[in-house]
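The values are calculated or read from the model by the stated rules, or taken from the named source; none is laboratory data. Bear in mind that the values here come from a model prediction, so they are computed numbers and not experimental data. A quick note on method: Cβ atoms are made from the backbone with ideal geometry, for glycine too, and the neighbour counts reach across all protein chains shown. Heavy atoms of the whole protein, side chains included, go into the accessibility calculation; ligands, DNA and RNA do not. Shrake-Rupley method; radii C 1.70, N 1.55, O 1.52, S 1.80 Å.
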Amino acid sequence: MRTMVLAETQKALAELCAGVSQISQQVEAVIIGDQLKAVTDTVWHIPAQENALLEDYTETIAALIKQEKPELVIVEPTKRYKLIAGRIAAMLGTSVITDVLALGEDLIAKRMVYGGAAIRTEKVASGCTIAMVGSGIWETKSVTEVAVREEKPVQFIEPVNRVTRIARDEKEKAAVDLPGAKIVVGVGRGIAEQKDLEMIKQLAYAVKGEIGCTRPIAEAEKWMPKETYLGVSGLMIAPEIYIAIGISGQIQHTVGINRSKIVISINKEKNAPIFKQSDYGIVGDLYKVVPALIKHFG
Amino acid sequence: MSDEGFDVIVVGAGLAGTVAAYLLGREGLQVLLIERGNYPGSKNMTGGRIYSHSLEKIMPGFAKEAPIERKITREKVFMMTEKSCIGLDFQSSLLGIPGSDSYSVLRGVFDQWLAEKAEEAGVEIITGICVDDLIIRDGKVCGVIAGTDQIEAQVTILADGVNSLLAQKAGLRQEFRPDHVAVGVKELIELPAELIQERFQCNETEGTACMFAGFPSDGRVGGGFLYTNKKSISLGVVCTLSELTKGQKTVPQLMEDFKAHPAVAPLIKGGRLLEYSGHLVPEGGLSMVPGLIGNGVLVAGDAAGFCVNLGYAVRGMDFAVASGECAARAVIEANKGGDYSESGLQIYRKYLDESFVLQDMKLYCKFPHFLETTPRIFSDYPELLEGIVTDMFVMDGQPSKALLKTMMKHTKKVGLLKIAGDALKGARSV
Amino acid sequence: MNIITCFKVVPEEQDIVIKTDGELSFDRAKPTISAYDLNAVEAGAQLREVCSGALIALSVGTGSIDGPKLKKNILSRGPESLAMVADDRLKDLDTHQTAKVLKAAIEKIGEYDLILCGEGSSDLYAQQVGTQLGQVLNIPTINSVSKITPSNGKIVVQRTLENEVETLEITLPALVAVTTDINLPRIATMNHILAAGKKPATVWTLEDVGAPELSSTIEVIDTRAPRQVERKQDIVEGDTDDAIREFISKISAVLAK
């Protein structure tokens, strides 16, 4: 089976190429210009265009796929590529399978639906499978840069509809890499005030973990950056240890963390759903328990 | 201000409001029914059971179509102590005669059905909107205010529940007194229908209502209840608000202890908690009934305090339905003469007086006070009964004593005179 | 600016019941408007407040979307009118099919300057119908938009990406998919709800919009609740000093690794 890989970041390109090679013998990266380094033997090279947005290469990539007819196209799930993949699917008369949790050699994919309540198993009815796969779905060591054996040039095709970029501002990047962290501490609505996050920071430091949160903390309260919220429409992580503090355990959050090896939780409600999803826990006031933890582990 | 005018605005899509709206809509009047919950019934709660007679009058045969749960054909009333449960078990086909029967209901479902009937009768229903205030001009209620919006009507019916702030704004009532309301909490516990039928020995359309006094409210004024629904049990406790503050236990604690009681636990074993809810219940009887009529305004249902709790029978829904009907009839009469003033609407009072609504409220007006001033009912009497009955049934091998003597032993602990006095007072109040 | 805002009718998520065998039951889940589409409608309503033109709400689905409460709900949020393609043949559409039906309906509506969509539907969240629709209409299409400003017959949008925020100028007609950051959907007032009942709502069958070709592009094999990961559930009750000590000793062993 032949796979083409589209990615915006080097990390994803490496991860996806290595991962998909478990189910596909022929893996070819599609690289624009020289932004990314090759990690596959065969690379499809699209010459970089001046002042082009990534979206301007949509027609070019679509034509390549139409021409080469790979069975599978794996795409990094960035916002830009969600747009590009959607448009390509429309051009090819198919639909993209997004947020894939598992994908086998039979090209049957699994993904979460209904806010995490269910897993849907599906495949394309015919033609090319375009699947968007996030980090950590395939467990594999990253492949490093390789010497390219075959670089195939791709003819650039002018986009039909262009938009004009007027400005571009870098966002304050969350310095955290939650998906890569071994230990993650999550905070939820049990935290009464923003300043109490200081205590959580101290705990995270003491156990050498990173901090994530539930959606209300990021979106409603805005006490933590959007990039740190864990859950069905946020980050999905699988750390060694996840410590849930003041989190009730609603399914929209737990689907983001229930691949953790060990889940530890602190909540004052005996019947909080999180306890059924935890290996260890304590029914108590976090304002009492956390300082004790900081004292012990600090 | 909206250019919409309505003939009638009804605030609250509970039983009183929806029935009033339905009857007025059927009569051809332009009716707006405003409910603050997301759907009619979402903010309502009953133990509970509806005595069908008043709704049967308005919608004959409603039970065949409405989403009722089970027809109640078995009544149980108990006195309960920590260790015991002693009571009356009445099972009879006389309980299930159409027109005088009763049904367990779940309000979320039932109220929505009733609201659909009102919509079919031409009533405009808005949900998710809380009416904050009334438009009052020259001493007359001319409509309602919600947020920045106002809507006018010739007459407004306030059916907005036990804690009617609008009735206060209309100058018809004061803030409720803590001895006039009770706090009720309920758990809806899922059980398969077959299991319910086995445990309560009934068929699939029938069921049981149980009332418990004493232990459920920790010896204070109140009680426990259990009703069988199709696939669930409604289980809960009620305690008068002013009494709660005197006691040691919180309401959740009362609920936990009641559930764990050896007479209750086996009935709900294996059940799954579906829903937990709480509500205020009018308990003050006639003395809490506020002014019911003003210029352009009527008060009905729980907002008018129309509830009677006799311990063995709890009635609120049938009163709500009947008072909604009286309100609708009054508005129809007032509409004929175009007079929605207090005097024009006075006929509402007449209709209530003629019906069981005010007659029963008057009959039982002493009962709430009797309960409040006779705490023995909830503590000493259950224990007294426990003592007598235990001596009757337990054979410990000691030489027996005369029955009368053992009874006297227990009654003397409370005091014969007190018991007699309570019995007299109690008999007079029902 | 004539705006069409697309919305999806989904089952009320909290009323979806997971049966013992893992299958889902939608019996109690009433049809409701997908939450993220409320942001799109609100964006349309806010744009209408500063530009003249029409705001039409559009949805496609089975006959169940043609419900009076649902129609009142969407119309109380700003649109002047509502169009629907309600046809039981439109059951379980994939994103490509949805885009084609929406396109057919939009072509029937006729003129438009801007099409607004949510970033994804709250039930299946494929995040594609907007982007696919823009492509099949062959108009400039942008997703992840957190601000829209009209500007001399075009629009200027702020697009929030992973590491940057870009400002783009887009010629009309165009399609924009908005994020939840863009606004807070209004709570309809009493008068809005009353007025909604009087606004025009057109309901079409598939034939009315030209019966577009609709073969499936996705084959759904199964949808069921995942098996719960077995957890130890070793929970200490209470936060006395002893309880906390017990808790700490349990997790120390784990954290030490």
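Below is a table of values for the structure above.
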item: Criterion violated by A:Val163 - all others in (1) open to solvent by less than 60 Å² (accessible area, probe 1.4 Å); (2) closer than 26 Å to A:Asn258 by Cβ satisfied; result: (2)
item: Among (1) touching a residue at least 24 places away in the same chain (Cβ under 8 Å); (2) open to solvent by less than 70 Å² (accessible area, probe 1.4 Å); (3) within 20 Å of the chain's Cα centre (by Cα), the one test that A:Lys182 misses; result: (2)
item: Qualifying residue in the stretch B:381-388 (condition: of a type outside the set (Asp, Glu) and farther than 23 Å from B:Leu310 by Cβ); result: yes
item: Some residue of the stretch C:122-141 being outside any loop (DSSP other than H, G, I, E, B), more than 14 Å from every other protein chain (Cβ to nearest Cβ) and within 17 Å of the chain's Cα centre (by Cα); result: no
item: Residue list for the stretch A:106-127, filter: more than 10 Å from chain C (Cβ to nearest Cβ) and open to solvent by less than 30 Å² (accessible area, probe 1.4 Å); result: A:Leu107
item: Residue, nearest to the other protein chains (Cβ to nearest Cβ), within the stretch C:57-95, restricted to residues that are among the hydroxyl-bearing types (Ser, Thr, Tyr) and farther than 21 Å from C:Gln132 by Cα; result: C:Ser76
item: Residue list for the stretch A:281-298, filter: of a type outside the set (A, V, I, L, M) and surrounded by fewer than 24 Cβ atoms within 10 Å (Cβ to Cβ); result: A:Gly284, A:Asp285, A:Tyr287, A:Lys288, A:Pro291, A:Lys295, A:His296, A:Phe297, A:Gly298
item: Top-ranked residue of the stretch A:40-84 - restricted to ones that are touching a Cys at 6+ places or on another chain (Cβ under 7 Å) and of a type in the set (Val, Ile, Thr), ranked as farthest from A:Ile97 (Cα to Cα); result: A:Thr40
item: Set C:Ser144, C:Ser216: member being open to solvent by less than 30 Å² (accessible area, probe 1.4 Å) and either more than 8 Å from chain A (Cβ to nearest Cβ) or touching a residue at least 24 places away in the same chain (Cβ under 8 Å) (or both); result: C:Ser144
item: Any hit, the stretch B:317-332, residues being assigned to a loop (DSSP other than H, G, I, E, B), open to solvent by 10 Å² or more (accessible area, probe 1.4 Å) and under 17 Å from B:Val162 (Cα atoms); result: no
item: Residues within the stretch B:119-170 that are within 24 Å of the chain's Cα centre (by Cα) and either of a type in the set (Ser, Thr, Tyr) or outside the structural domain of B:Arg329 (by TED's automatic domain parsing) (or both), tallied; result: 3
item: Residues of the stretch C:219-234 satisfying the condition of being acidic (Asp, Glu) and surrounded by 12 or more Cβ atoms within 10 Å (Cβ to Cβ); result: C:Glu219, C:Asp222, C:Asp234
item: Within the stretch A:70-103, tally of residues that are part of a loop (DSSP other than H, G, I, E, B) and within 10 Å of another protein chain (Cβ to nearest Cβ); result: 6
item: Test: residue in the stretch A:135-152 that is within 14 Å of chain C (Cβ to nearest Cβ), of a type in the set (Gly, Ala, Ser) and open to solvent by less than 40 Å² (accessible area, probe 1.4 Å); result: no
item: Counted residues, the stretch B:265-289 - those being assigned to a loop (DSSP other than H, G, I, E, B) and open to solvent by less than 20 Å² (accessible area, probe 1.4 Å); result: 1
item: Residues of the stretch C:154-185 satisfying the condition of being out of contact with any strand residue (DSSP E or B) (no Cβ under 7 Å at 6 or more places or on another chain) and open to solvent by less than 60 Å² (accessible area, probe 1.4 Å); result: C:Thr180, C:Asn183, C:Pro185
item: Test for C:Leu116: is it open to solvent by less than 10 Å² (accessible area, probe 1.4 Å), assigned to a strand (DSSP E or B) and either in contact with a strand residue (DSSP E or B) (Cβ under 6 Å, 6 or more places away or on another chain) or within 26 Å of C:Leu184 (Cα to Cα) (or both); result: yes
item: A:Ile130 within 14 Å of chain C (Cβ to nearest Cβ), farther than 30 Å from A:Val43 by Cα, among the hydrophobic types (A, V, I, L, M, F, W, C) and surrounded by 12 or more Cβ atoms within 10 Å (Cβ to Cβ); result: no
item: Subset tally (residues that are more than 13 Å from the chain's Cα centre (by Cα) and surrounded by fewer than 24 Cβ atoms within 10 Å (Cβ to Cβ)) for the stretch A:68-83; result: 6
item: Options A:Ile200, A:Ile237, A:Ile211, A:Ile245; residue that is crowded, with 20+ Cβ neighbours inside 10 Å, at pLDDT below 90 and assigned by TED's automatic domain parsing to the domain that holds A:Ser278; result: A:Ile237
item: Residue count for the stretch B:244-253, restricted to those that are without any contact (Cβ under 8 Å) to a residue 60 or more places away in the chain and not in a loop (DSSP other than H, G, I, E, B); result: 1
item: Residues of the stretch A:1-40 that turn out to be among the aliphatic types (A, V, I, L, M), in a strand (DSSP E or B) and surrounded by fewer than 23 Cβ atoms within 10 Å (Cβ to Cβ), as a count; result: 1
item: Single match in B:Glu198, B:Glu152, B:Glu190 (criterion: of a type outside the set (Val, Ile, Thr) and more than 14 Å from chain C (Cβ to nearest Cβ)); result: B:Glu198
item: Test: residue in the stretch A:46-54 that is more than 11 Å from chain C (Cβ to nearest Cβ), over 22 Å from the mean Cα position of the chain (by Cα), of a type in the set (Gly, Ala, Ser) and under 27 Å from C:Ile142 (Cα atoms); result: yes
item: Hits in the stretch A:248-263 (condition: polar (S, T, N, Q) and modelled with pLDDT under 90); result: A:Gln250, A:Gln252, A:Asn258
